[in-house]
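To start, the structure itself, in structure tokens.
What follows draws every value from the coordinates through simple rules; no lab data is involved. Worth saying up front: this structure is predicted, and the values here are computed from it rather than measured. In this analysis, Cβ positions are derived from the backbone assuming ideal geometry, glycine residues included, and neighbour counts consider all displayed protein chains.
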Amino acid sequence: MASFLLKSVLVVVAVFFISSMAQASDPDVLSDFIVPAGSTIDGNFFTFTGTRGIFGSIIEKFKVTKVSKAEFPGLDGQSVSLAVLQFPGGGVNPPHTHPRAAELLFVVQGSLEVGFVDTTNKLYTQTLQVGDLFVFPKGLVHYQYNSDWNKSATAVSGFGSASAGTVSLPTTLFATGIDDQILAKSFKSDVATIQKIKAGLSS
């Protein structure tokens, strides 16, 4: 009897533990949508106009236009967001991660070389054309690069979170104050090289 009770309790604890580990998405909301305090709700609350005019514009440098709950409060609790990525010829979105969501990239202009690295350090790459989609699994390091120096490229990325987060590796490693000596040892390099990288990122 005690053994059966103990097994039952262990099964319940194991199921609870596994289900809580699998809970990797935005929390469920208990209403149709979340209204910020003091907001007026009409069609404007559910409309975002910050991407007007960016399609077809001249692309001079890499630019990301984010549409997350920070820019569009109507997304709060909806577990979706997007970004428009614009690449000049030779432009790159440096290696980065999104800790809270996978990314589905859709190329709408030009072509992009993309890739991600899994947890076994295997690199997966692809060259995408207009109309192609590519998925970057949640939390894995990935990048996008426009290798055509004569044409710009544009892509739209969808995320399974209203706030996917972005951790840019160059910025995180070299522009946040990590000691030069630690970086030099970590990269099996020297302090002068680390300082040169930092100087390049700040210009």
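Residue 56 satisfies every condition listed in (1) touching a strand residue (DSSP E or B) at 6+ places or on another chain (Cβ under 7 Å); (2) surrounded by fewer than 16 Cβ atoms within 10 Å (Cβ to Cβ); (3) not hydroxyl-bearing (Ser, Thr, Tyr) except (1).
Only strands (runs of 3 or more DSSP E) whose full extent lies in segment 79-180 are considered here, and the ones with at least 1 residues that are in contact with an Asp or Glu (Cβ under 7 Å, 6 or more places away or on another chain) and among the small types (Gly, Ala, Ser) are 153-159. Any residue in segment 99-109 that is surrounded by 21 or more Cβ atoms within 10 Å (Cβ to Cβ), in contact (Cβ under 8 Å) with a residue 12 or more places away in the chain and more than 11 Å from the chain's Cα centre (by Cα)? Checked against the condition, which is being surrounded by 21 or more Cβ atoms within 10 Å (Cβ to Cβ), in contact (Cβ under 8 Å) with a residue 12 or more places away in the chain and more than 11 Å from the chain's Cα centre (by Cα), segment 99-109 yields at least one hit. Being farther than 30 Å from residue 74 by Cα, out of contact with any Ser or Thr (no Cβ under 9 Å at 6 or more places or on another chain) and charged (D, E, K, R): is that true of residue 148 here? So residue 148 does not fit the description; no. Of the numbered criteria (1) farther than 22 Å from residue 61 by Cβ; (2) without any contact (Cβ under 8 Å) to a residue 60 or more places away in the chain, the one residue 138 fails is (2).
Scan segment 181-203 for residues that are aromatic (Phe, Trp, Tyr) and either in contact (Cβ under 8 Å) with a residue 40 or more places away in the chain or in a helix (DSSP H, G or I) (or both) and the total you get is 0.
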